[in-house]
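A short worksheet on the structure shown next.
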Amino acid sequence: MSNLFTWITEKFRKNTIIPIFLIVFLVCSFFIDKFFSLGNFVNILGQNAEKGILAAGMTFVILNGYFDLSVGTLMGLTSCLTVGLTPVIGLIPSILLALCLGAAVGLINGLLVTKLKINAFIVTLAGMTIFRGITYMYTQQTVRGSSKAFYELSRGSFLGLPNPVWICLAFILLGQAVLYFTRHGRNTYAAGGNMSSAQNAGINVDRTVILNFVICSFCAAVAGVMYASKFNSASPTLGWPDAHMLAIAAVVLGGTKLSGGYGNMFYTLGGLCTLGMINNAMNLLKLSSYYNTLVMGIILIIVLYMDIVLREQSVPSKRANIPGAPKKLQKE
Amino acid sequence: MSTIRTTKIRIAPNTTYVIIGGNFDLSVGSILSFSTVLVIQLFNIIGPVAAMLAVVFMGILFGLISGLLVGYLRLNSMIVTLGMMGIVQALTYFVSGGKNSVLKNAETSWFLQIGQGFVGFIPTLVVICLITVAIFEIVLKRTVFGSQLMSVGGNQIASRFSGVNDRKLVTLTFILSGMMTAIAGIMLASRVGSAQNAIGEGYEMDVIAGVILGGASLTGGSGSVVKAFIGILILRVLDNGFVMMGLPYSTQWLANGLIILVVVCVDLQSKRAKIQGKGGGKA
């Protein structure tokens with residue numbers, strides 16, 4: 001019996017998202033009625049399906065030690081393009097165009113970060129503004145969709161769960177498979193853990209990073225297409241101002257380290273569901289939506305702090321013993 | 001002249017300090033919105049002087065929190081200030097109740113004179129702005145504090161071994177940032193006489209762009225307040241140009257983003273060339 005207990009606590013300590021998820025789940029279930037119902041759970045999943053795809057793509061980039069701030073406005077751009085170009089060139093071509101745009105953006109981001117060595121923050125921040133500009137140049141107001149079939153795609157459900165949820169789950173499982181079973185996945189972990197060592201070991205770090213940026217932006221494009229399908233319209237304000245913050249928060253909450261090299265898709269899934277539950281709880285409590293950003297910001301900071309604290313506990317601090325340094329400087 | 005009156009210039013000096021220290025402060029935009037809203041809300045309740053003091057205090061408080069988290073707990077400054085941005089923006093909506101805030105009894109005097117008055121024929125705001133830039137630049141280049149800040153940005157650990165209290169300095173830059181942004185918010189509120197909730201949205205990036213355009217290094221350690229001032233001035237003039245040509249706001253965003261990319265690119269290339277030149281070709 002004690003073996004089981006130690007096994008559980010070990011699992012809890014290594015995968016911090018599990019106790020976080022359970023605590024949030026239990027607190028919400030006990031204190032908020034209407035939370036613990038199948039309909040509500042399906043609701044939560046349905047609302048977070050598109051954000052889940054966004055977070056899944058972001059996981060790849062964060063595993064490399066970078067982050068991508070442009071996904072939010074990229075999502076808005078692809079959403080508007082999908083809906084806007086459908087009457088012009090048809091539904092399937094406009095979806096394909098949006099997806100290709102996503103991949104192309106990822107390629108550019110990756111190239112700027114690896115070849116020109118520009119700080120990823122600046123590149124993606126600039127990208128965020130550029131896409132916002134392009135989106136508003138394309139349309140200043142909501143674009144109305146015109147394809148019934150497209151709309152039905154996200155309204156339909158399979159085995160009780162809406163289609164978008166299945167698509168999100170597919171992305172997460174596929175992403176996890178890539179991380180664990182493919183060479184690219186292993187390279188991603190290596191490059192994230194220690195970039196120069198990975199480079200010296202013969203891994204093409206540049207190509208790995210570029211591919212991860214492509215995956216991230218591609219996922220943002222997919223999320224944009226799915227939003228277009230969900231609302232059968234597209235607003236240029238989609239994804240602004242804090243879609244990227246949400247995705248990063250989900251990934252980091254799940255336990256993936258911002259410095260890279262540690263984490264996986266299931267962590268992201270857990271983080272996403274936890275944030276979804278918190279969001280849902282605030283809705284059920286009829287708190288105004290302004291509290292959303294407040295809670296998100298606080299969670300981000302708390303998670304960041306825990307990231308540092310937990311890292312210092314598991315790995316002996318590098319700053320602890322500097323041989324030859326005076327005692328005053330040895331204490332960190 | 002009206003270009004110099006823009007708020008972004010007033011946030012430039014403190015952002016320069018933060019960037020020289022090697023960090024980023026993304027929360028300036030929302031602290032600006034918050035200050036504008038709060039000063040007007042409080043003005044209607046407790047009068048101008050108390051309102052201004054309260055707002056400056058809140059700005060210092062926000063800066064203190066960010067500064068402690070980044071300086072002492074060594075958290076990533078981008079993420080911390082990203083979180084602060086969300087928190088402060090939410091607080092702004094909370095304080096304003098979702099509506100725009102308007103000054104009551106606007107005739108009462110001297111508060112509006114700050115924003116709309118003149119010293120001779122130069123607007124008061126321009127005078128304040130130029131004085132601030134001058135003070136910050138002199139402190140940066142001629143005092144111990146300034147050179148310590150530059151060393152912290154250049155190599156934090158080395159500066160600590162040299163006896164500089166790097167954590168306190170970093171915290172101070174954030175506190176200054178919060179305080180100056182709050183003051184900038186007060187001046188904006190006094191100029192316009194009302195406050196909108198999301199006025200500061202996106203400001204942080206434009207200010208960072210201007211500072212980088214002015215030659216500050218992204219990794220910290222070098223920069224100049226005067227050049228940052230000129231950098232932001234150039235960007236504002238460009239924006240003004242777009243507006244006068246009748247192009248929509250979206251063009252401004254597009255151009256700003258592209259300019260940042262190009263400037264950073266050129267900046268990095270020139271720095272790499274300098275390093276390679278000195279090191280005899282070793283990358």
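The values are calculated or read from the model by the stated rules, or taken from the named source; none is laboratory data. Note that this is a predicted model, so its numbers are computed, not measured. FYI the Cβ positions are ideal-geometry reconstructions off the backbone, even for glycines, and counts take in every protein chain you see. SASA here: full protein model, heavy atoms, side chains in, ligands and nucleic acids out. Shrake-Rupley method; radii C 1.70, N 1.55, O 1.52, S 1.80 Å.
A few notes on this one:
- Residue match in segment A:216-237 (condition: aromatic (F, W, Y) and over 28 Å from B:G200 (Cβ atoms)): yes
- Scanning segment A:123-160 for residues that are facing chain B (nearest Cβ under 9 Å), under 30 Å from A:V61 (Cα atoms) and open to solvent by 60 Å² or more (accessible area, probe 1.4 Å) turns up A:I134, A:M137, A:Y138.
- Enumeration of residues in segment A:234-252 that are open to solvent by 20 Å² or more (accessible area, probe 1.4 Å) and either at the interface with chain B (Cβ under 9 Å from one of its Cβ atoms) or more than 15 Å from the chain's Cα centre (by Cα) (or both): A:S235, A:T237, A:L238, A:W240, A:P241, A:D242
- The residues of segment B:244-254 that are away from chain A (no Cβ under 13 Å), part of a loop (DSSP other than H, G, I, E, B) and at negative phi amount to a single one, B:M245.
- Residue list for segment B:31-50, restricted to those being surrounded by fewer than 24 Cβ atoms within 10 Å (Cβ to Cβ) and in a helix (DSSP H, G or I): B:Q41, B:L42, B:N44, B:I45, B:I46, B:P48, B:V49, B:A50
- Looking at B:I230, B:I175, just one residue is more than 14 Å from chain A (Cβ to nearest Cβ), open to solvent by 10 Å² or more (accessible area, probe 1.4 Å) and without any contact (Cβ under 8 Å) to a residue 40 or more places away in the chain, and that residue is B:I230.
- Scanning segment B:179-199 for residues that are assigned to a loop (DSSP other than H, G, I, E, B) and more than 15 Å from B:S27 (Cβ to Cβ) yields B:G193, B:Q196, B:N197.
- Filter result for B:L130 (modelled with pLDDT of 80 or more and either under 20 Å from B:G178 (Cβ atoms) or of a type in the set (S, T, Y) (or both)): no
- Of all the residues in segment B:51-77, those that are within 13 Å of chain A (Cβ to nearest Cβ), open to solvent by 20 Å² or more (accessible area, probe 1.4 Å) and in a helix (DSSP H, G or I) number 3.
- Selection status of A:V295, within 13 Å of chain B (Cβ to nearest Cβ) and open to solvent by less than 10 Å² (accessible area, probe 1.4 Å): no
- Matching entry among B:G210, B:G241, B:G215 (being in a loop (DSSP other than H, G, I, E, B) and either acidic (D, E) or more than 9 Å from every other protein chain (Cβ to nearest Cβ) (or both)): B:G215
- Every residue from segment B:178-207 that is within 14 Å of another protein chain (Cβ to nearest Cβ) and open to solvent by less than 30 Å² (accessible area, probe 1.4 Å): B:N197, B:G200, B:G202, B:E204, B:M205, B:D206, B:V207
- Filter result for A:A228 (buried (at least 19 other Cβ atoms within 10 Å of the Cβ), within 14 Å of another protein chain (Cβ to nearest Cβ) and closer than 22 Å to A:N163 by Cα): no
- Scanning segment B:86-103 for residues being more than 7 Å from every other protein chain (Cβ to nearest Cβ), of a type in the set (A, V, I, L, M, F, W, C) and either open to solvent by less than 10 Å² (accessible area, probe 1.4 Å) or closer than 15 Å to B:G202 by Cα (or both) gives a total of 1.
- The listed residue being open to solvent by less than 10 Å² (accessible area, probe 1.4 Å), at positive phi and more than 14 Å from every other protein chain (Cβ to nearest Cβ), out of A:G276, A:G271, A:G263: A:G263
So that you can scan it fast, the table gives a plain yes or no per residue for (1) in contact with a Gly (Cβ under 6 Å, 6 or more places away or on another chain); (2) at pLDDT 85 or above:
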{"residue": "A:A201", "(1), (2)": "no, yes"}
{"residue": "A:N204", "(1), (2)": "no, yes"}
{"residue": "A:V214", "(1), (2)": "yes, yes"}
{"residue": "A:G224", "(1), (2)": "no, yes"}
{"residue": "A:L238", "(1), (2)": "yes, no"}
{"residue": "A:D242", "(1), (2)": "no, no"}
{"residue": "A:I248", "(1), (2)": "no, yes"}
{"residue": "A:V252", "(1), (2)": "no, no"}
{"residue": "A:S259", "(1), (2)": "yes, no"}
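- Among (1) at pLDDT 80 or above; (2) open to solvent by 10 Å² or more (accessible area, probe 1.4 Å); (3) not β-branched (V, I, T) - the single one B:Q116 does not satisfy: (1)
- Qualifying helices (runs of 4 or more DSSP H) (wholly inside segment A:1-107; at least 1 residues being modelled with pLDDT of 85 or more and open to solvent by less than 10 Å² (accessible area, probe 1.4 Å)): A:38-63, A:71-89
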